[in-house]
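The values are calculated or read from the model by the stated rules, or taken from the named source; none is laboratory data. Model, not experiment: these values are computed from the prediction. All Cβ positions, glycine included, derive from the backbone under ideal geometry; neighbour counts span all protein chains shown.
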Amino acid sequence: MEKFQIRKMAGVIALAALPSLAFAEAPGGPDCGWGNMLFKGQSGLGSHMIASTTNGTSGNATFGMTSGTNGCSANGTLTYGGTSLLAQVMDEFSEDVAQGQGDALDAIALTLGIDVEDRARFARLTHNNFSTLFPNENVTAEEVMASIHQLMRNDAQLSKYAA
């Protein structure tokens with residue numbers, strides 16, 4: 001296997017594993033679904049995994065949110081207690097921006113909702129503005145993301161993705 005393929009595979013595996021590192025209040029609320037009911041009062045990774053699997057495979061949490069049953073509600077505000085994807089892949093992202101391509105750059109484009117046909121333009125935009133995105137070694141992920149949004153707002157084709 002070529003070195004490039006190994007690096008790409010490792011990058012894909014790392015990006016795929018990132019969601020497992022983040023803990024957020026589940027859609028529907030913290031008490032939503034049969035899994036939460038069955039494992040009420042228990043703690044630990046095993047209980048959380050089985051409760052999550054129960055909710056996900058049976059679809060009862062989705063049903064509960066739409067019907068207002070199973071301890072679920074869609075009235076609450078979703079929360080996220082982890083770090084952003086960009087913060088987690090900042091070093092690889094800066095390398096990809098410098099090169100104008102790469103898995104971390106693709107992953108950020110995907111999280112921004114950029115369509116496949118616009119990703120090459122996004123890669124060029126970030127590459128051509130590397131010094132704007134990374135003005136110093138202490139730049140934060142939030143500052144980089146704010147700069148990305150500003151650059152996209154100023155780009156006729158990518159402005160539709162800027163929040």
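Scanning region 66-88 for residues that are at pLDDT 70 or above and either among the aliphatic types (A, V, I, L, M) or in a loop (DSSP other than H, G, I, E, B) (or both) yields Gly68, Thr69, Asn70, Gly71, Cys72, Ser73, Ala74, Asn75, Leu85, Leu86, Ala87. Applying the criterion of being over 16 Å from Ala162 (Cα atoms) and among the aliphatic types (A, V, I, L, M) to the residues of region 129-149, the residue that is surrounded by the fewest Cβ atoms within 10 Å (Cβ to Cβ) is Val139.
On the stretch given as region 98-126, residues that are buried (at least 16 other Cβ atoms within 10 Å of the Cβ) and within 19 Å of Leu85 (Cα to Cα) total 14.
Inspection of region 99-112 finds a residue satisfying the criterion of being over 19 Å from the mean Cα position of the chain (by Cα) and not aliphatic (A, V, I, L, M). For Ala104, the conditions (1) touching an Asp or Glu at 6+ places or on another chain (Cβ under 7 Å); (2) free of Cβ contacts under 8 Å to residues at least 60 places away in the same chain; (3) part of a helix (DSSP H, G or I); (4) not basic (Lys, Arg) all hold with the exception of (2).
Given the criteria in the same structural domain as Asn129 (by TED's automatic domain parsing) and modelled with pLDDT of 75 or more, does Ala51 qualify? In short, no. Among the candidates Ser94, Ser67, the residue that is touching a residue at least 24 places away in the same chain (Cβ under 8 Å) and either closer than 30 Å to Asp31 by Cα or under 19 Å from the mean Cα position of the chain (by Cα) (or both) is uniquely Ser94.
Residues in region 128-154 that are within 17 Å of Ala98 (Cβ to Cβ) and among the hydrophobic types (A, V, I, L, M, F, W, C): Phe130, Leu133, Phe134, Val139, Ala141, Val144, Ile148, Leu151.
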